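Structure record follows, encoded as structure tokens.
The values are calculated or read from the model by the stated rules, or taken from the named source; none is laboratory data. If you're wondering where the values come from, they're calculated on a predicted model, not measured in any experiment. Reconstructed Cβ throughout: ideal geometry from the backbone, glycine too, with neighbour counts over all protein chains shown.
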Amino acid sequence: MSVHTVVEAVPATLLAVAGQSSAFPVHRIYCVGRNYAEHAREMGASGREAPFFFAKPADALLYVESGSEGECPYPPRTDNLHHEIELVVALSTGGANLGLEAAAATVWGYAIGIDLTRRDLQQQAKDKGRPWDTAKGFDHSAPIGPLHPVSSVGVLERGAIWLEVNGAARQRGDLGDMIWKVGEMLAELSTYFVLRPGDLVFTGTPAGVAAIQRGDRIRAGIDGLGELRLRLT
């Protein structure tokens, strides 16, 4: 049945799949905080604390084609924009209250993502006990490369994850350093939300987050997934 909408409908957000003409339809974007021990310490936490989550809208994605340099506009209302390199997992199935094995089986593929954060607004929100939406969920706050299916790259549990700014190393870690592994965080997330096909989950960042400025060039990579390159405009 044809339905007339009273305003123009926003098209679904689609994410390219490496080496394929097909695309991945994005449902929601979830992010897990402080999932690498060194980053947790630099942000004032310690130990294997229970994972916590926040979200970004699906259209916060900024897709960067493999082999190209994306352009990302510096967002308004901040003087302290930070980079956070992350492994992103894409879900092909979902559910609620999933066990570890079932949660791990929801993963369809992986991508390189960068969680951009207006750190000054985040700190203001923390100080006042307010939500993080303006700090985390703004336009273009989730640069991302193409998705790589598990069937092509295997299950990623270890491997280097790194980020450079203007050729200087900023972040470097290993996927094996995650405090909460992918299956564990998805199982926990599924107790808060019903996970759906099309969900993306940013899985946390290693230590070394820092400010970036207009004109900065970012190069980031994860073993098995290639690189993501970005310039702040």
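Of the residues 164, 86, the single one that is surrounded by 22 or more Cβ atoms within 10 Å (Cβ to Cβ), among the acidic types (Asp, Glu) and within 13 Å of residue 221 (Cα to Cα) is 86. Note on the range 116-150: among residues that are touching a residue at least 40 places away in the same chain (Cβ under 8 Å) and among the small types (Gly, Ala, Ser), the one that is surrounded by the fewest Cβ atoms within 10 Å (Cβ to Cβ) is 137. Could you tell me which residue of the range 115-163 is nearest to residue 85 (Cα to Cα), considering only residues that are in contact with a helix residue (DSSP H, G or I) (Cβ under 9 Å, 6 or more places away or on another chain) and assigned to a strand (DSSP E or B)? Per the stated criteria, the residue is 161.
Yes/no matrix, rows are residues, columns are (1) touching a residue at least 12 places away in the same chain (Cβ under 8 Å); (2) surrounded by 16 or more Cβ atoms within 10 Å (Cβ to Cβ); (3) within 14 Å of the chain's Cα centre (by Cα):
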{"residue": "187", "(1), (2), (3)": "yes, yes, no"}
{"residue": "192", "(1), (2), (3)": "yes, no, no"}
{"residue": "202", "(1), (2), (3)": "yes, yes, yes"}
{"residue": "205", "(1), (2), (3)": "yes, yes, yes"}
{"residue": "214", "(1), (2), (3)": "yes, no, no"}
{"residue": "218", "(1), (2), (3)": "yes, yes, no"}
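Figure legend. Inter-residue proximity from the range 75-86: first residues under 12 Å from residue 210 (Cα atoms), second residues among the hydroxyl-bearing types (Ser, Thr, Tyr) and in a loop (DSSP other than H, G, I, E, B), beta-carbon distance below 6 Å, spacing 6+ or different chains. Indicated pairs: 84/205; 85/205. Starting from residues that are touching a Gly at 6+ places or on another chain (Cβ under 8 Å) and of a type in the set (Lys, Arg), keep the ones in the range 167-185 and report whichever is surrounded by the fewest Cβ atoms within 10 Å (Cβ to Cβ). The extreme case among them is 172. If we scan the range 88-96, do we find a residue that is over 13 Å from the mean Cα position of the chain (by Cα), modelled with pLDDT of 95 or more and of a type in the set (Val, Ile, Thr)? Yes: one or more hits. Going by the structure shown, is residue 229 surrounded by fewer than 22 Cβ atoms within 10 Å (Cβ to Cβ), part of a loop (DSSP other than H, G, I, E, B) and among the basic types (Lys, Arg)? It is false that residue 229 is surrounded by fewer than 22 Cβ atoms within 10 Å (Cβ to Cβ), part of a loop (DSSP other than H, G, I, E, B) and among the basic types (Lys, Arg). Number of residues in the range 1-23 that are in contact with a strand residue (DSSP E or B) (Cβ under 9 Å, 6 or more places away or on another chain) and not aliphatic (A, V, I, L, M) equals 4. Would you mind stating whether residue 79 is of a type in the set (D, E, K, R) and not in a loop (DSSP other than H, G, I, E, B)? It is false that residue 79 is of a type in the set (D, E, K, R) and not in a loop (DSSP other than H, G, I, E, B).
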